[in-house]
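Taking it in order: structure first as structure tokens, then the write-up.
Each value in this text was obtained by applying a stated rule to the coordinates, not by laboratory testing. Note that the structure is predicted; figures quoted are calculated from it, not measured. As a convention, Cβ positions derive from the backbone with ideal geometry for all residues, glycine included, and neighbour counts pool all protein chains shown.
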Amino acid sequence: MRRPGETLENLERVVVSRKSEPAERSYTSRLFSGGVPAIAAKVTEEAGELIEAAASESDDRVVSEAADLLYHMLVLLAFRGVPFSRIEDELARRFGISGLDEKANRGSATNETDKQETTDGGNER
């Protein structure tokens, strides 16, 4: 029996290894060679497919698309050198905090940007 997170850890290990040791017939290596634009395009595509599946397809399809999105997110994080443990740490930090409170307190930089856009006549969000 697998322990929680074991498959994700193994997948991350393989993804990271493809960055330092590219394999000729590796989809992950090919994504790395395209950089952020190629990886981000796949993240965007898979996020859209997950949303479409959630709206009108079977649970099996939702699971499949969620797995695709998670894999591509791991590739993007590995490309940037950000270990998944940092995402886990951030989620742990947020755990037990109201989502509305957390969002309101994310940082003055974000709030200052929002204020600047409003005073400069920028588009509303």
Original post:
Considering only the other residues whose Cβ falls under 11 Å of the Cβ of residue 77, what net charge follows from Lys and Arg at +1 and Asp and Glu at -1?
Top reply: +2
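Test of understanding: what is the full-extension gain from residue 23 to residue 105, defined as 0.36 nm times their sequence separation minus their Cα-Cα distance?
Working: separation 82, 0.36 × 82 = 29.52 nm, distance 4.32 nm.
Contour length minus Cα-Cα distance gives 25.2 nm.
Arrange the following residues from fewest to most other Cβ atoms within 10 Å of their Cβ: 52, 90. Let's see the in-between values first.
Values: 52 13, 90 10.
With the sparsest Cβ surroundings first, the list reads 90, 52.
Could you put 86, 2 in order, starting from the residue whose Cβ has the fewest other Cβ atoms within 10 Å?
Numbers: 86 10, 2 7.
By the 10 Å Cβ count, ascending: 2, 86.
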